[in-house]
Each structure stands twice: as C-alpha cells, then as structure tokens.
1. Taking a cut-off of 17 Å between Cα atoms, list the aspartates and glutamates near Lys133, but don't count ones fewer than 8 places away on the same chain.
2. Which FRET efficiency value, to the nearest 0.05, is calculated for Tyr118 and Asn61 with the Förster distance at 30 angstrom and r the Cβ-Cβ distance?
3. According to a simple spin-label model (label point 7 Å from Cα along Cα-to-Cβ), what is the distance in nm between Ser128 and Leu104?
4. List Ile32, Ile92 from most exposed to least, where exposure is judged by having the fewest other Cβ atoms within 10 Å.
5. Can you find, among Thr131, Tyr118, Gly107, the residue farthest towards the positive end of the dipole of the range 89-131? Put +1 on the C-beta of Lys and Arg, -1 on that of Asp and Glu.
6. Past 31 Å, Cα to Cα, is the threshold; run Lys44/Lys190; Lys190/Lys240; Lys24/Lys74; Lys154/Lys181; Lys154/Lys235 against it and keep the listed order.
7. Simple spin-label model, 7 Å along Cα-to-Cβ: Glu86 to Val25 in nm?
8. How big is D for the range 156-261, in µm² s⁻¹ as a whole number, if Stokes-Einstein is applied with the Kirkwood radius of its Cα pairs at 20 °C and 1.002 mPa s?
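Coordinate-derived values only; no laboratory data. Note that the structure is predicted; figures quoted are calculated from it, not measured. Using ideal geometry, Cβ is built from the backbone for each residue, glycine included, and neighbour counts are taken over all protein chains shown.
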Amino acid sequence: MKHVFTISLHFLLALSAFSQKKPKVQPLLTDIRITLLGQLENGKQKFVLEYASDEVYECSNVAIVYELVESEGKITVKLQGKQDPEVCLTAIGPAKARVDLSHLAEGEYEFKTQYRNYAATNATLVVSDDTWKFVVHEESMITFNRPILRKIPKGTVWGKLEYNTENQREVASSFLQDLEKEQCEITDLKEGNYGEFYLRTSGRQIERKVEGEGWEMPFVYHYAGEFERLKILVKMYAGKYGDDLRIRLMDDQGNQAFSWKLK
C-alpha cells in the first residue's frame, strides 16, 4: 500500500509541474484581421474564420485564445488574449485563431467579436445556398479582408498551368483545349473568393507573369465526368513535356492531379 501511495504522490507532483509550465494567456494589443477560409476536407467545403494579429511575433505558432458562444440566431467570438506555444516554430508570424462555423444552417445570424471587453465587430452573417457573407455594421480594431466567401458548386474543376518560357504558351493552351474535349465547360460562376481559388473571370483566366518564376495560367471549369479521365490527360502531358509544363488540377470532391507526381 505504501508503494501505491508513493507512485500516486509522484504522479500528482509531475502533473502539477506540467500544469505550471503551461504558458499563460497574455493581453493582445494589436489590430486584427479576419479572413474567410473555405478549404476542402473529405470532399466538403469548410467555413472557417481566421483571426490574425497585425503584430508579428518571434514564434509563428502563437495562438489567439478565444471562446465561441452560440445561441439562437446569435454568434459571439470572445477573444481573450494570446498564448505562447510550448514549442516555438522559429519563424516570425502573427498570432492566429481559427473558428470553425461549417455547421451553420442557411439563414441570418447576429455576429459579434468581443475584443478587449467591448464589441469590436458588429455584423450580420448571411448563410445562403451559394455564399457565406458578412454585412458589416461596425468595425473597430478588427476588420475583414474579404467579407464574402463563395461556395464551390458540385462539378467544379480548377487548377493552374505554370511554365518558364513563352514557347510553352501554345502547349498550355493545347492542354486547356484537350480539357474542353473531355467535356470541361466554361463556367458561369461569379467572380470572387471560393476558398480554394479566387475567380477573376469565368472559364479561362488571363495569363500572368510571376516575377522570377515564369508564367502561370489559372483555369476553372464545370465537369460532370470521371476525374480519372482528366488525371490520365495530366499524366500524358507530364510524360511528354516533363517540368516544362507544370499542371495542377483539383475538383470539388478533393481529387488532385499534379503533373510532377505523375511522370
């Protein structure tokens, strides 16, 4: 019995020492920006608010501590401060918190962020069949980067072509033509932020020069067929052109095809 007591005492002392080492929550004295994230997870698009401080810290994994309070038709995010990590990732970065609101049903919600004991954000969150949208009534120290996140419709494929020389432009255009031969159709999606991509124009987008890296040509299509057929096309171009044309292709179900992995 004496041995059991000794082991239990040692365990409690170790647990007490561990709890004392846990970093304390410290005041957060900086402006904050909210970004709407809509990444895919297991074939479903998430709706997440990322709070990030304007001030940067020596560790890139400093956390913003928060409490999420929900009642009928009301959502309040209470920011309580920042907390240093137990293990520092040695690169500068802002303090961050991610608040998952993917569970919200369609409708309107009164939305507030409480920061430093007062309401820093007053808004109406409108969840519809195609968007998550904040109608902002008041902002103080906390601002939205973009207040609208569009939902990715079923049957959407998107990606980007990258190449280092202008000579590969014809090859890139040829790949897009082959996508269209596989029944990829130019979309009528509205411009805006879709989380996984930002749509500036419908269908084929404008080629862009990337400083020091060559050119890139983003694209978005509607596609009702099997993704495997498009993956075979990517593999064919990968075998023929190698790294001269880098292809990224994704769809709304989380399928991916990267040319450098299919050679």
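1. Glu50, Asp100, Glu106, Glu108, Glu110, Glu191, Glu196
2. On the way: r = 28 Å, r/R0 = 0.93.
Calculated transfer efficiency: 0.60.
3. Label-label distance for Leu104 and Ser128, simple model: 1.4 nm.
4. Values: Ile32 23, Ile92 11.
Ranked by crowding around the Cβ, least crowded first: Ile92, Ile32.
5. So the residue we want is Tyr118.
6. On the way: Lys44/Lys190 20 Å; Lys190/Lys240 35 Å; Lys24/Lys74 29 Å; Lys154/Lys181 20 Å; Lys154/Lys235 24 Å.
Pairs exceeding 31 Å: Lys190/Lys240.
7. 1.8 nm
8. On the way: Rh = 13.9 Å.
Translational D for this selection: 154 µm²/s.
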